[in-house]
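Inspection log for the structure reproduced underneath, given as structure tokens.
The values are calculated or read from the model by the stated rules, or taken from the named source; none is laboratory data. These numbers were taken from a predicted model, which means no experiment stands behind them. Glycine gets a Cβ as well: all are built from the backbone with ideal geometry, and neighbour counts include every protein chain shown. The area values use the complete protein model at the heavy-atom level, side chains included, leaving out ligands, DNA and RNA. Shrake-Rupley method; radii C 1.70, N 1.55, O 1.52, S 1.80 Å.
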Amino acid sequence: MTSLPGDLRSRAARGAALTLVVQVLRIGIQLGALVVLARLIEPSVFGVMAIVLVVIGVGETLRELGLASASIYAEVITRQQQSNLFWINVAIGVLLAALCVGGATALETLYGTDGLAAALAVTSSVFVLNGLASQHRARLARSLRFSVLAVSELVSVVAGLAAAMIAASAGATLGALVIQQITQAALLLVLSLGASRWLPGLPRRCDMADLFRYGGWLSVTQLINYGARNLDTLVLGKVVSTTTLGYYNRAFQLVMLPVTQINAPALKVAFPILARMQDDPARFGRYLRAGHTALVHSVVPLLLAAVAVCDPFIELVLGREWAPTANLFMILALSGVFQAASYSYYWTFLATGRTSSNFRFTLLTKSILVVAILVGTRWGAEGVASGVALSSAVGWLIGIVWLSRMADVAPSTWWVPTVTALSVYVPATAVSYGAGRWAFPDDDILRLVVVAVVFAAVCAVSSRINRPFGRDVALLRTVATSIRKVDA
């Protein structure tokens, strides 16, 4: 990080350090909450809430309109422009909440699931809460106050999970999951308002064209991306039972836990930093490769190690009644690997302002995903999971070709770190899986220990004999050392 100006380098390193710590804590907390809630709430209830959250997610994409990212990307943004963005986000949030309340009964009738209408109507209040918080959080990101963003998100997540567990312990089921969403959004709003110390002015006419252009392309892209990625839930909700959908949803959530909990905060750090380097291609490429390498080595080993102990892992985390989740987890983990390896594509599109190219790329890759999901429905939940995994791998390959032509960045920036990581972690998974099955086939705890030890040993040996992997490990150590020095 030596090529950054001192103050920016210090902020980036401090933000990365605390973000990393917070995300490790967040993953642990959410995994613990999954364990508790899975034992308090039936799979079918998670299936119902999965449908609600798909609708909420689509609405959130429409509410955001890419305007928070637009205000972060803009080289200069006036107070009046940001005030206008604030009121636009709030107005859309109110409109979406009203639409959800009005259409909730029709959605419940479509799926024939009791409780869906009430859950959607109440949960839709998060549109208003998030609309109020959106530009406050954008101001924090623009000021590179990553530590504030990370801590506020952690506190709100903990509060939401705690509220859900308390409600579930008191006998609530679907209501507990609704309470979780509202508590999290409300506390995040309060913390964002307190940290930003900014009050918007009244909306007035001013030049908003560039912001709308950037945000418009981004929001359409995000909508396509979100809709395609959640088509599996909507389709399975119609072709399988809510119980099977619950199994699929928990498998998907376990896979996406490390993916989203590392990818999302990485974007918040990488996007503002890379946006300031877009006029320096050489430095942009170096930082992009370092960030991509760190991302791949953070997510891929976690997913593949979990695959090596999938059956005992699912049983210990969720309970014996969730056993059908194991096969789905193993398939979806492959999707998680390639999603992690593709996430820095998004950094590149946003940081270089190429949101229209991002739209075309997303339209292509998500069309492939939609076809794969629809074909996969012939074989039920496992067929859909396989379609998701296959399309993720294809999308990763397309992205390398697409971005190497669009941006002045070598394709090796993406494929070399990814292939290097897989060349070590895939064999480590196979060896540790075999060792665990051979040593302790009937003892889940000891099997987990053996897999962890063998997996780590294979990686340690590989760092010595596999030169590209060793260089990546050295790079990660350098970044970690830099962060510690700045944070000291």
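The residues neighbouring residue 231, those whose beta-carbon lies less than 14 Å from its own, together hold a net charge of +2 under the Lys/Arg +1, Asp/Glu -1 convention. Within the accessible area of the chain, the carbon and sulfur atoms contribute 65%, probe 1.4 Å, all protein chains present.
Would you mind pulling out the separation of the Cα centroids of the stretch 398-470 and the stretch 117-188, in Å? Cα centres, the stretch 398-470 to the stretch 117-188: 35 Å.
Rounded to the nearest 20 debye, the dipole magnitude of the stretch 307-466 is 640 debye, with +1 charges on Lys and Arg beta carbons, -1 on Asp and Glu beta carbons, and the Cα centre as origin. Taken about its Cα centre, the chain carries a charge dipole of about 1540 debye when Lys and Arg each add +1 at the Cβ and Asp and Glu each add -1 at the Cβ. Note on the stretch 353-474: Cα convex hull, mean projected area over all directions, 10.6 nm². Scaled against 2.2 N^0.38 Å for its residue count N, the alpha carbon radius of gyration of the stretch 25-136 is 1.30.
Computed from backbone phi, the HN-Hα couplings of the stretch 275-292 come to 4, 7, 10, 5, 8, 10, x, 5, 5, 4, x, 5, 5, 5, 5, 4, x, 5 Hz, rounded to whole numbers (Karplus: 6.51 cos²θ - 1.76 cosθ + 1.60, θ = phi - 60°; Gly and Pro given as x).
One decimal place: the segment residue 190-residue 430 gains 81.7 nm when fully extended, by the rule 0.36 nm per residue minus the C-alpha distance.
How much net charge surrounds residue 220 when only other residues with a Cβ under 12 Å from its Cβ are counted (Lys, Arg +1; Asp, Glu -1)? Overall, the nearby charge balance is +2. Accessible area per residue for the chain, computed on protein heavy atoms with a 1.4 Å probe, is 42 Å².
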